[in-house]
Amino acid sequence: MTKKADQKSGPIRPYGDTTGDGMVQLSFTLPIQHSKVAEGAAVQLANKMGMDPALVVHAKPMGEGFTFFVVYGRVNHLVDPSTVEVVERDYPLLTPKEANSAIKSALRRRLVVVGGCIGTDAHTVGIDAILNIKGFAGEKGLEYYRELRVVNLGAQVSVPQLVARSREEGADAVLVSQVVTQKDAHLRNTRELAAAFREAMGESRPLLVVGGPRFDPAMAADLGVDKVFGRGTTPGEVASYLVHALIPQEISA
Ligand code: B12
């Protein structure tokens with residue numbers, strides 16, 4: 001559910017030394033050998049982005065013909081938190097015990113979750129944080145839930161492999177992680193995933209959930225999936241969502 005933030009304060013400015021001084025820090029790479037001219041070009045970019053004055057506080061050659069910069073400077077822009085729209089959690093957070101008992105009484109079988117990283121992505125730490133029993137941020141992962149059967153396929157699973165395995169396992173939900181975002185690979189791969197499940201299973205496809213640090217949770221519909229989780233997601237949030245989305249008589253928190 002997209003909702004405007006419940007923020008009472010008026011417009012605000014960033015701050016470095018004193019409240020409202022507008023100081024910000026920006027990092028970027030320019031395709032130019034490190035030199036005084038390169039530093040001047042970095043300041044020019046910062047000026048064009050509205051930072052004035054702007055100071056190069058760090059410049060490091062990044063191989064032949066590239067320089068990485070950190071620029072510190074002042075902006076005059078104001079931001080208004082009262083106009084910000086965010087995706088709010090619109091389901092109750094359940095304890096593992098509550099989630100287990102909701103699944104058990106509604107399904108009378110274990111709920112099957114198939115997960116992995118698709119495409120060339122080998123960043124498994126995120127999906128493991130959600131699935132593995134040891135969990136994340138003090139919460140146990142989905143393997144801890146007695147009424148969930150978790151199949152973790154690990155890294156670099158192709159979409160056809162994922163579709164086939166999900167069918168084989170009778171997956172109720174498919175959980176996919178995408179951490180690499182170069183050239184929007186995470187968006188392309190997610191769209192491919194959604195299209196493949198639609199084609200293979202139509203309306204009876206499993207619930208499709210994707211996650212990763214650079215996803216925008218507001219993009220689920222656009223990507224053709226049911227839910228998108230971003231950075232800092234905890235296993236409890238995911239388990240609660242699965243119960244909310246898949247169990248008709250959801251217990252209230
Ligand atoms: C560890 C790491 C690696 C390890 C991965 C080991 C492993 N088994 O996972 C190794 C060394 C293999 C690696 C390799 C590479 N890496 Co790397 N890596 C990282 C690093 C340092 C940490 C990632 C991590 O583990 N985060 C911790 C987890 C817990 O956080 P998370 O993934 O965000 O997951 C949370 C949420 O996002 C969410 N979530 C994630 N997935 C899912 C899925 C679902 C279903 C749900 C509900 C939630 C969810 O829940 C999790 C818990 O809150 C990051 C930089 C950084 N500091 O983030 C770079 C980083 C991700 N790597 C990067 C790159 C470029 C690479 C390489 C291409 C480098 C190279 N040139 O070889 C290769 C690619 C390998 C490949 N084929 O994928 C870039 C990606 C740039 C981009 N945006 O595309 C980063 C950002 C570094 C950088 N600044 O350049 N990497």
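The values are calculated or read from the model by the stated rules, or taken from the named source; none is laboratory data. Just so we're clear, the structure is a prediction, and the values are computed from it rather than from any experiment. Ideal geometry is used to build each Cβ from the backbone, glycine not excepted, and the neighbour counts take in all protein chains shown.
Select, from Leu162, Leu193, Leu187, the only residue that is part of a helix (DSSP H, G or I), farther than 22 Å from Glu237 by Cα and without any contact (Cβ under 8 Å) to a residue 40 or more places away in the chain. Talk me through it step by step, then tell me what you get.
Values: Leu162 fails: without any contact (Cβ under 8 Å) to a residue 40 or more places away in the chain; Leu193 fails: without any contact (Cβ under 8 Å) to a residue 40 or more places away in the chain.
None of the other options fit; the residue is Leu187.
Select from the range 117-146 the residues that are crowded, with 23+ Cβ neighbours inside 10 Å and either on the phi > 0 side of the Ramachandran plot or under 15 Å from the mean Cα position of the chain (by Cα) (or both) and write down the one among them that is farthest from the ligand (Cβ to nearest atom).
Taking the range 117-146 first, the residues crowded, with 23+ Cβ neighbours inside 10 Å are 117-118, 121, 127, 130-131, 141-142, 145.
Cutting the leftovers down to either on the phi > 0 side of the Ramachandran plot or under 15 Å from the mean Cα position of the chain (by Cα) (or both) gives us 117-118, 121, 127, 130.
Numbers: Cys117: 8, Ile118: 11, Asp121: 5, Ile127: 5, Ile130: 5 Å.
This residue is Ile118.
Name the residue, out of Gly50, Gly63, that is in a loop (DSSP other than H, G, I, E, B) and without any contact (Cβ under 8 Å) to a residue 24 or more places away in the chain. Explain how you work it out, then say what you get.
Values: Gly50 fails: without any contact (Cβ under 8 Å) to a residue 24 or more places away in the chain.
Only one candidate passes the filter, namely Gly63.
Spot the failing condition for Val57; the list is (1) assigned to a strand (DSSP E or B); (2) surrounded by fewer than 19 Cβ atoms within 10 Å (Cβ to Cβ); (3) touching a Gly at 6+ places or on another chain (Cβ under 7 Å), and only one is missed.
Unmet condition: (3).
Looking only at residues that are modelled with pLDDT of 95 or more, under 31 Å from the mean Cα position of the chain (by Cα) and in a loop (DSSP other than H, G, I, E, B) in the range 20-47, which one is nearest to Thr83 (Cα to Cα)?
The residue in question is Gly22.
For the range 237-251, check the following and say yes or no: at least one residue is touching a residue at least 40 places away in the same chain (Cβ under 8 Å), assigned to a loop (DSSP other than H, G, I, E, B), surrounded by 15 or more Cβ atoms within 10 Å (Cβ to Cβ) and touching an Asp or Glu at 6+ places or on another chain (Cβ under 7 Å).
Checking the range 237-251: not a single residue is touching a residue at least 40 places away in the same chain (Cβ under 8 Å), assigned to a loop (DSSP other than H, G, I, E, B), surrounded by 15 or more Cβ atoms within 10 Å (Cβ to Cβ) and touching an Asp or Glu at 6+ places or on another chain (Cβ under 7 Å).
Answer yes or no: is there a residue in the range 209-218 that is within 13 Å of the ligand (Cβ to nearest atom), closer than 23 Å to Leu246 by Cα and free of Cβ contacts under 8 Å to residues at least 24 places away in the same chain.
Within the range 209-218 (the criterion being within 13 Å of the ligand (Cβ to nearest atom), closer than 23 Å to Leu246 by Cα and free of Cβ contacts under 8 Å to residues at least 24 places away in the same chain), the answer is yes, since at least one residue qualifies.
So is Val174 in contact (Cβ under 8 Å) with a residue 40 or more places away in the chain and within 16 Å of the chain's Cα centre (by Cα) or not?
Values: in contact (Cβ under 8 Å) with a residue 40 or more places away in the chain: yes; within 16 Å of the chain's Cα centre (by Cα): yes.
In short, yes.
Of all residues in the range 196-218 being surrounded by 15 or more Cβ atoms within 10 Å (Cβ to Cβ) and in a helix (DSSP H, G or I), which is modelled with the lowest pLDDT? Please lay out each step first, then the result.
If we filter the range 196-218 for residues that are surrounded by 15 or more Cβ atoms within 10 Å (Cβ to Cβ), which is where we start, we get 196-197, 200, 205-213, 215, 217.
With in a helix (DSSP H, G or I) added as a condition, the list becomes 196-197, 200, 217.
On the way: Ala196: 98, Phe197: 98, Ala200: 97, Pro217: 93.
It comes out as Pro217.
Please tell me if Gly154 is touching a residue at least 12 places away in the same chain (Cβ under 8 Å) and outside any helix (DSSP H, G or I). Step through it out loud before you land on a result.
On the way: touching a residue at least 12 places away in the same chain (Cβ under 8 Å): yes; outside any helix (DSSP H, G or I): yes.
For Gly154, the condition - touching a residue at least 12 places away in the same chain (Cβ under 8 Å) and outside any helix (DSSP H, G or I) - is met.
Please work out if Gly16 is of a type in the set (Gly, Ala, Ser) and loosely packed, with under 12 Cβ neighbours inside 10 Å. Can you show your working first?
Values: of a type in the set (Gly, Ala, Ser): yes; loosely packed, with under 12 Cβ neighbours inside 10 Å: no.
No.
Somewhere in the range 167-174, is a residue more than 26 Å from Glu85 (Cα to Cα), within 11 Å of the ligand (Cβ to nearest atom) and either at pLDDT below 95 or assigned to a strand (DSSP E or B) (or both)?
Our first condition is that a residue be more than 26 Å from Glu85 (Cα to Cα); within the range 167-174, this holds for 167-174.
Checking the rest, the ones that are also within 11 Å of the ligand (Cβ to nearest atom) come to 173-174.
From what's left, either at pLDDT below 95 or assigned to a strand (DSSP E or B) (or both): 173-174.
Yes, because at least one residue in the range 167-174 is more than 26 Å from Glu85 (Cα to Cα), within 11 Å of the ligand (Cβ to nearest atom) and either at pLDDT below 95 or assigned to a strand (DSSP E or B) (or both).
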